[in-house]
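Below you'll find the structure, written out as structure tokens, and then a few comments.
No lab work stands behind these numbers, since they all come straight from the coordinates. These figures come from a predicted structure and were not determined experimentally. Glycine also receives a Cβ, built like all others from the backbone with ideal geometry; neighbour counts cover every protein chain displayed.
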Amino acid sequence: MQRAFVRQTIDLGGDTQKVEADINQFAGSQTANRLVLWIGRFSVADVFDTNRYANSPKIDFLNWAMVNTGTFDYAGDGWGYTYGGAAEWYQGRFAVRGGIFDLSATPAGGISPNGGVLDPTFSQFQVVGEIEERHELWGQPGKIKVTGFLSHGRAALFSDAIALAQATGTPADTALVRNNVTNRTGVSLNLEQQITETLGVFARAGWADGTIEPWDFTDVDRTFSGGVSINGKDWGRPDDTIGIGGIVNGIDGVHRAYFNAGGLGILIGDGQLPNPGVEGIFETYYSYALTASTKVSVDYQFIGNPGYNTDRGPANVFAGRIHTQF
């Protein structure tokens, strides 16, 4: 089960806005100024770090570091969902959000049998906060968001895993040194801007503490991504979309040393990393609307230095999708 939540909107005044029926959304109305309360099971990314142009692998970009900030290590089980609550306050051109969510029983890196299984006691948790500013630039709408998180629980320091590996002569493993409660933090910037009726741009930048192992998302300590989204109205296909974007990911020195000592992350690990480098990714897709509710898309990714390893790659990834909803 992915989602089972209650969301209550409390109107606080301002212009009345019509809300269309959509996935996870009843039709209705709301005022511009409002309070929105969430509680139950859902994705942290349903509320935080959203972006109009790069937000869902179902309909736009596929790469994780494009649809969310790569350093945003948001809480979630193996499917990306968790239990928790959130509140959003919309007032004028600003919005403020906050939430608390259940972390996995153990971080997903290293050799972790419980990685991706939520903590049943909720004693390990994540706090997320976000500030959003909405504006018009050249008469076109845009948003700027700053998102921060703090994950509280038993996560390992990479330096401890490296020291144990050197003492025992075995590969580094964060699962063996999760002895103390730590707080892993991160912050990101998220921008979206409509340029014309058919052209929009987006960008994200993020930093996370690279001395502590990531918990549930992926092995990125700093990132920058950006791109454009082009609507097909100009060539008579208003429901089609072209997306073009790029990503640069990096990790801290002690994080690189952990991988070079044989460590495994959430998604990566070669056993050695003698020649580390930044990971560069280019992605583009075309989404073709068969009907108003069904779209077929093709996607291409070029990945340089995959997993920060200059001895591997480049990798070329081709994908196709069909998505329908009703």
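Under a Gaussian network description of the chain, with springs only between Cα atoms under 10 Å, the residue in L189, L199, L118 that fluctuates furthest is L199. Cut-off 10 angstrom, C-alpha nodes, Gaussian network model of the chain. Which of V220, V96, V44 fluctuates the most? Looking only at V220, V96, V44, the largest GNM fluctuation is found for V96.
Annotation: extensible slack from F302 through A27 equals 95.0 nm (criterion: 0.36 nm per residue apart, minus Cα-Cα distance). Per-residue 3J(HN,Hα) values for segment 215-220, derived from phi via the Karplus relation 6.51 cos²θ - 1.76 cosθ + 1.60 with θ = phi - 60°, read 9, 10, 9, 7, 8, 9 Hz in sequence order (x marks Gly and Pro).
Taking θ as phi - 60° and the Karplus parameters 6.51, -1.76 and 1.60, the scalar couplings of segment 76-87 work out to x, 7, x, 9, x, 10, 8, 9, x, x, 8, 9 Hz in sequence order, x denoting glycine and proline. Output the 0 to 90 degree angle, nearest 10, between the alpha-carbon long axis of helix 158-168 and the longest principal axis computed from the alpha carbons of the chain. So the helix axis and the longest Cα principal axis differ by about 30 degrees. Summary of packing: across the peptides 265-274, 80-89, the per-residue average of other C-beta atoms within 10 Å ranks them, highest first, as 80-89, 265-274.
Apply 1/(1 + (r/R0)^6) to the Cβ-Cβ distance of L176 and A289, taking R0 = 41 Å, and write down the FRET efficiency to the nearest 0.05.
Once rounded, the FRET efficiency stands at 0.20.
Plainly put, segment 1-70 has a radius of gyration that is 1.01 times its Kirkwood radius, both from alpha-carbon atoms, as the Rg/Rh ratio. For segment 130-138, 3J(HN,Hα) computed residue by residue from phi via the Karplus equation (6.51, -1.76, 1.60; θ = phi - 60°) reads 8, 10, 10, 10, 10, 8, 10, 10, 6 Hz, glycine and proline entered as x.
Any idea how far the Cα center of segment 158-232 sits from the one of segment 1-77, in Å? Between the Cα centre of segment 158-232 and that of segment 1-77, the gap is 21 Å. Every helix of 4 or more DSSP H residues in the chain counts as -39500 (n - 2.57), and over all residues that averages to -2000 deg cm²/dmol at 222 nm.
With the Kirkwood sum run over all distinct C-alpha pairs, the chain has a hydrodynamic radius of 21.0 Å.
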